[in-house]
Number of protein chains: 2
Amino acid sequence: MSDRQMHLGVFVLGTGNHVAGWRYPGAADSFQSLPVIQAIARTAERGLFDLLFLGDGLSADPNAHPSFTVRFEPVTMLAALAATTTHLGLGATSSTTYGEPYTVARAFASLDHLSGGRAAWNAVTTSGAGAAANFGRRHPPHAERYKVAEEFIDVVRGLWDCWEDDAILADRETGRYIDAAKVHRLDHKGPYFEVAGPLNIGRAPQGQPVIIQAGASEPGQEMAARSADLVFSVVQDLDEARAAYAALKARLPRYGRRPEALSVLPGVMPVLGATRAEARAKLDVLQGFVTDSNSLSMLSNRLGTDMSAYPLDGPVPDLPLPDTSHGFARTMLAKARRESMTLRDLYNLTAAARGHWVLCGTPADVADTLEEWFTTGAADGFNILPPYFPGAFDDFVDAVVPELQRRGLFRRRYQGRMLRDHLGLLRPERRFCRGQAAGSPA
Amino acid sequence: MSDRQMHLGVFVLGTGNHVAGWRYPGAADSFQSLPVIQAIARTAERGLFDLLFLGDGLSADPNAHPSFTVRFEPVTMLAALAATTTHLGLGATSSTTYGEPYTVARAFASLDHLSGGRAAWNAVTTSGAGAAANFGRRHPPHAERYKVAEEFIDVVRGLWDCWEDDAILADRETGRYIDAAKVHRLDHKGPYFEVAGPLNIGRAPQGQPVIIQAGASEPGQEMAARSADLVFSVVQDLDEARAAYAALKARLPRYGRRPEALSVLPGVMPVLGATRAEARAKLDVLQGFVTDSNSLSMLSNRLGTDMSAYPLDGPVPDLPLPDTSHGFARTMLAKARRESMTLRDLYNLTAAARGHWVLCGTPADVADTLEEWFTTGAADGFNILPPYFPGAFDDFVDAVVPELQRRGLFRRRYQGRMLRDHLGLLRPERRFCRGQAAGSPA
């Protein structure tokens with residue numbers, strides 16, 4: 001048995017990750033109810049999960065997945081959870097396309113302080129023109145979005161490093177509150193941002209909050225290799241996942257990073273039953289709740305093409321996909337070709353887990369598969385996407401987690417209090433801000 | 001005895017409102033410690049306060065008040081408090097100069113949902129060039145900042161009204177999650193913002209979160225009359241406060257609003273003792289902690305002029321103040337002229353409460369004065385600024401609140417769960433968004 005341990009995240013959508021999961025008997029049906037999310041967080045902490053994770057979007061389409069239409073703003077949601085959890089990592093998406101580096105740096109540094117070192121930022125470029133219309137802007141093209149994102153991340157990391165760890169004195173005797181020599185300006189001037197700093201909050205408990213990346217395109221992978229501690233990936237096939245895992249890890253040395261510095265967590269929706277037949281029946285019930293308009297809207301969104309023109313029981317059309325498309329699109333179309341799917345099959349796949357991998361079986365089946373992926377170079381752990389809450393997540397924590405523990409693949413208790421502790425990452429030294437002391441003339 | 005009741009807020013700075021309050025024996029000395037703020041919130045709720053309030057700033061000056069240099073991001077801070085309080089209103093400053101209306105609307109709607117209807121937004125224009133340097137922009141002039149702010153507030157209120165109250169169906173039988181006919185686009189196009197909407201969160205429990213305004217300039221007063229539910233004011237003198245109160249209330253009818261629709265809460269720092277001598281001694285101890293560099297930095301900031309050139313024991317110079325200056329500047333200079341202060345006296349005044357009113361005496365003295373202000377047309381309640389935490393706030397809640405209750409001036413229990421309930425404000429009808437249904441073609 002190796003000492004290497006899986007990392008587990010839970011992807012939280014209040015109405016369940018399955019597009020119609022909220023219709024399952026006993027399922028929660030809201031993503032704007034604090035008690036629903038607090039119960040999920042308690043379960044995740046009972047299951048010793050590394051982190052709970054929230055996606056985000058900057059527009060509302062009434063035909064989209066219910067939890068993508070109506071949701072809490074993620075950082076406020078996590079701040080509320082920080083007060084009612086003790087160990088669980090708290091990760092949220094925040095856009096580099098429609099945000100400001102100073103604002104994002106503050107929000108996640110604040111969350112890290114509020115939670116005692118459990119914050120993680122999923123740095124994304126926002127795709128889709130809906131957001132642009134809410135921010136009064138032309139939506140920038142893909143390549144430019146990634147250039148903006150790289151600079152954005154650099155600025156945020158620089159702001160997080162403005163304060164030396166011992167800059168706050170709070171010395172009652174002398175009245176000196178701050179050692180100004182240990183607070184540094186950033187004085188960043190780049191093509192997209194000019195940010196003077198320093199940030200108005202001390203260095204975070206984790207030094208730097210954890211950075212997550214989830215983009216599958218070429219510049220997304222490069223950004224991950226350069227800056228991310230954690231990657232959420234989209235997979236459908238073991239061989240493809242191994243190749244992607246190896247390719248990503250191979251990018252790290254050029255940034256002076258060891259492969260272990262970055263954990264890759266594919267998304268997976270477990271559908272569990274005491275028998276395989278029971279699990280299959282549960283998935284059938286869920287799929288039976290799907291309406292065509294749900295699937296059509298989601299599939300068109302995932303593929304970036306209006307799919308309403310194609311016949312439902314015909315073959316999946318051979319769509320051209322640029323390298324800049326969503327990882328979802330490429331992964332799903334590859335699977336459709338491998339398995340000679342009809343468009344209806346693809347609809348169903350999208351409705352189930354929005355293009356993520358669905359794993360249906362007994363707890364032992366699911367543990368077998370996760371073990372195989374984990375031990376054969378396809379994953380460092382998994383981002384679990386329960387189809388509905390709370391039942392489907394309880395099933396995973398109560399049945400699969402103990403099975404993984406018995407096999408020596410997953411922790412039996414938390415080893416520390418911070419997310420970096422769970423991920424086996426050291427607290428980084430200050431290195432992203434080299435500006436002069438803030439008290440000095442600019 | 002009238003039925004009219006005072007409203008009380010507490011202005012939270014973790015190191016105390018007094019610039020050197022953190023040096024007082026037993027005082028908290030951090031504004032980035034969650035337990036410190038949670039204890040303040042518990043005390044405020046025990047004291048049946050209407051709300052707890054956090055200011056904000058978008059830059060860090062190591063010579064400023066400690067809590068203005070190192071602080072939590074306010075909305076994340078309040079979200080954490082939402083999970084550990086049940087009745088207390090939660091208000092925070094967020095800038096209209098360096099924010100985005102869609103982002104601000106989401107954050108406060110989310111906070112309103114998380115807290116069950118207790119959110120309040122203090123809509124400010126950011127003054128000071130430090131912020132501009134952190135957002136890569138030229139700092140806009142005062143008049144333009146207010147034009148931006150007015151449009152910003154209109155957009156936020158419009159976004160809050162995109163969803164009808166019963167738009168979310170979550171009907172398990174039919175699978176209809178949303179009634180798209182009840183979700184409206186905003187389609188705002190103005191000189192400063194273009195925002196399509198709808199917002200991606202349902203209508204807030206309060207309908208519209210409470211809006212706070214704190215600017216004393218002419219456009220600030222007009223903005224308050226037009227849009228605010230609550231005003232925090234800066235006062236030093238009863239007659240001046242009465243005149244300002246009457247002038248502000250007189251502006252409301254032109255916006256079709258009754259005087260009771262807006263509550264005016266002057267800021268006041270109570271320094272309490274069992275005897276007047278004890279209270280005075282406490283204030284002396286606090287003032288003894290002040291260093292010249294503290295006062296100089298704060299006074300220069302408040303007056304918008306570098307004061308280091310003037311002799312400390314000479315008269316307060318006759319500075320020209322444009323109408324666009326801080327309310328602090330005008331109020332403090334008027335007091336200095338009335339009382340023939342030296343510059344050192346003005347330093348001390350600034351250090352104590354940053355230009356706010358200091359009220360020093362026994363609990364009965366303080367209650368007498370608050371009653372006089374409340375019953376003679378100077379205030380609808382008060383924003384309490386304890387010089388340090390937790391002791392000075394405990395003193396107010398334990399000694400002054402019961403005195404106000406005995407006099408029939410303050411509630412003996414909460415009458416509802418939402419901030420609007422505490423303020424006696426009805427839940428507003430949807431009226432700021434008249435766009436067509438979001439499912440319709442744009």
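Filtered by the rule that a residue be aliphatic (A, V, I, L, M) and out of contact with any helix residue (DSSP H, G or I) (no Cβ under 6 Å at 6 or more places or on another chain), the range B:336-367 gives B:MET341, B:LEU343, B:LEU349, B:ALA352, B:ALA353, B:ALA364.
One residue stands out in the range A:175-222 among those that are at the interface with another protein chain (Cβ under 9 Å from one of its Cβ atoms) and over 24 Å from B:ASN134 (Cβ atoms): the one that is surrounded by the fewest Cβ atoms within 10 Å (Cβ to Cβ), namely A:ARG176.
Residues in the range A:141-159 that are within 13 Å of chain B (Cβ to nearest Cβ) and either modelled with pLDDT of 95 or more or over 19 Å from B:GLY136 (Cα atoms) (or both): 6 in all. Scanning the range A:144-162 for residues that are over 21 Å from A:ARG417 (Cβ atoms) and touching a helix residue (DSSP H, G or I) at 6+ places or on another chain (Cβ under 7 Å), we see that the one that is surrounded by the fewest Cβ atoms within 10 Å (Cβ to Cβ) is A:GLU150.
Take the conditions (1) away from chain B (no Cβ under 14 Å); (2) in a helix (DSSP H, G or I); (3) touching a helix residue (DSSP H, G or I) at 6+ places or on another chain (Cβ under 9 Å); A:THR103 misses just one of them, which is (1). Contact annotation: residue pairs with Cβ atoms under 6 Å, 6 or more positions apart or on different chains, pairing a residue in the range A:230-258 that is under 23 Å from A:PRO270 (Cα atoms) with a partner that is part of a loop (DSSP other than H, G, I, E, B), are A:PHE232/A:ALA214; A:LEU238/A:ALA378; A:ALA241/A:VAL235; A:ALA241/A:ALA378; A:ARG242/A:GLY377; A:ARG242/A:ALA378; A:TYR245/A:GLY377; A:TYR245/A:ALA378. Restricting to the range B:254-265, name every residue that is assigned to a loop (DSSP other than H, G, I, E, B) and surrounded by fewer than 22 Cβ atoms within 10 Å (Cβ to Cβ). Residues satisfying the conditions are B:GLY256, B:ARG257, B:ARG258.
Being buried (at least 22 other Cβ atoms within 10 Å of the Cβ) and of a type in the set (A, V, I, L, M, F, W, C) is the filter; apply it to the range A:83-103 and report the residue that is nearest to the chain's Cα centre (by Cα). If we take residues in the range A:83-103 being buried (at least 22 other Cβ atoms within 10 Å of the Cβ) and of a type in the set (A, V, I, L, M, F, W, C), then A:ALA92 is nearest to the chain's Cα centre (by Cα).
One line per residue, one yes/no per condition, for (1) closer than 22 Å to A:PHE232 by Cα; (2) of a type in the set (Val, Ile, Thr); (3) more than 14 Å from chain B (Cβ to nearest Cβ):
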{"site": "A:GLY381", "(1), (2), (3)": "yes, no, yes"}
{"site": "A:TYR388", "(1), (2), (3)": "yes, no, no"}
{"site": "A:ASP395", "(1), (2), (3)": "no, no, yes"}
{"site": "A:VAL401", "(1), (2), (3)": "yes, yes, yes"}
{"site": "A:LEU409", "(1), (2), (3)": "yes, no, yes"}
{"site": "A:LEU425", "(1), (2), (3)": "yes, no, yes"}
{"site": "A:GLU429", "(1), (2), (3)": "no, no, yes"}
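A:ASN134 falls short on exactly one of the conditions (1) facing chain B (nearest Cβ under 10 Å); (2) under 26 Å from B:ALA105 (Cβ atoms); (3) touching a helix residue (DSSP H, G or I) at 6+ places or on another chain (Cβ under 6 Å); (4) without any contact (Cβ under 8 Å) to a residue 60 or more places away in the chain, and that condition is (4). Given the condition surrounded by fewer than 23 Cβ atoms within 10 Å (Cβ to Cβ), closer than 25 Å to A:ARG203 by Cβ, modelled with pLDDT under 95 and polar (S, T, N, Q), answer yes or no: does some residue in the range B:59-67 qualify? Yes, there is a match, as at least one residue in the range B:59-67 is surrounded by fewer than 23 Cβ atoms within 10 Å (Cβ to Cβ), closer than 25 Å to A:ARG203 by Cβ, modelled with pLDDT under 95 and polar (S, T, N, Q). Whether a residue is part of a helix (DSSP H, G or I) and closer than 19 Å to A:THR291 by Cβ was assessed, and B:ALA170 does not pass this test.
With the condition kept exactly as written, say whether any residue in the range A:317-328 is in contact (Cβ under 8 Å) with a residue 12 or more places away in the chain and either in a helix (DSSP H, G or I) or under 23 Å from A:HIS422 (Cβ atoms) (or both). Yes, the range A:317-328 contains a residue that is in contact (Cβ under 8 Å) with a residue 12 or more places away in the chain and either in a helix (DSSP H, G or I) or under 23 Å from A:HIS422 (Cβ atoms) (or both).
Pick from B:SER308, B:SER293, B:SER297: which is surrounded by fewer than 20 Cβ atoms within 10 Å (Cβ to Cβ), part of a helix (DSSP H, G or I), within 14 Å of chain A (Cβ to nearest Cβ) and among the small types (Gly, Ala, Ser)?
Matching residue, one of B:SER308, B:SER293, B:SER297: B:SER293.
Residue-by-condition table, conditions (1) farther than 24 Å from A:ALA119 by Cα; (2) more than 10 Å from chain A (Cβ to nearest Cβ); (3) assigned to a helix (DSSP H, G or I):
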position	(1), (2), (3)
B:PHE68	no, no, yes
B:ARG71	no, no, no
B:HIS87	yes, yes, no
B:GLY91	no, yes, no
B:GLY99	no, no, no
B:ALA107	no, no, yes
B:THR126	yes, yes, no
B:HIS139	yes, yes, no
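Looking only at the range B:266-289, residues that are part of a loop (DSSP other than H, G, I, E, B) and exposed (fewer than 14 other Cβ atoms within 10 Å of the Cβ) come to 2 in all. If you filter the range B:109-118 down to residues that are in a loop (DSSP other than H, G, I, E, B) and within 10 Å of another protein chain (Cβ to nearest Cβ), you find that the one that is surrounded by the fewest Cβ atoms within 10 Å (Cβ to Cβ) is B:GLY116.
In the range B:32-45, is there at least one residue being closer than 27 Å to A:ARG118 by Cβ, crowded, with 24+ Cβ neighbours inside 10 Å and out of contact with any helix residue (DSSP H, G or I) (no Cβ under 8 Å at 6 or more places or on another chain)? Looking for residues that are closer than 27 Å to A:ARG118 by Cβ, crowded, with 24+ Cβ neighbours inside 10 Å and out of contact with any helix residue (DSSP H, G or I) (no Cβ under 8 Å at 6 or more places or on another chain), one finds none in the range B:32-45, hence no. Please enumerate the residues belonging to the range B:399-418 that are in contact (Cβ under 8 Å) with a residue 40 or more places away in the chain and surrounded by fewer than 17 Cβ atoms within 10 Å (Cβ to Cβ). Residues satisfying the conditions are B:ARG407, B:GLY408, B:ARG412, B:ARG413, B:TYR414, B:ARG417. Residues in the range B:14-51 that are of a type outside the set (A, V, I, L, M, F, W, C), in a helix (DSSP H, G or I) and at the interface with another protein chain (Cβ under 10 Å from one of its Cβ atoms): 2 in all. Residue check: B:PRO363 meets all listed conditions (1) within 24 Å of B:ASP229 (Cβ to Cβ); (2) in contact with a Phe, Trp or Tyr (Cβ under 9 Å, 6 or more places away or on another chain) but one, namely (1).
The values are calculated or read from the model by the stated rules, or taken from the named source; none is laboratory data. These figures come from a predicted structure and were not determined experimentally. We place every Cβ from the backbone using ideal geometry, glycine too, and count neighbours over all the protein chains shown.
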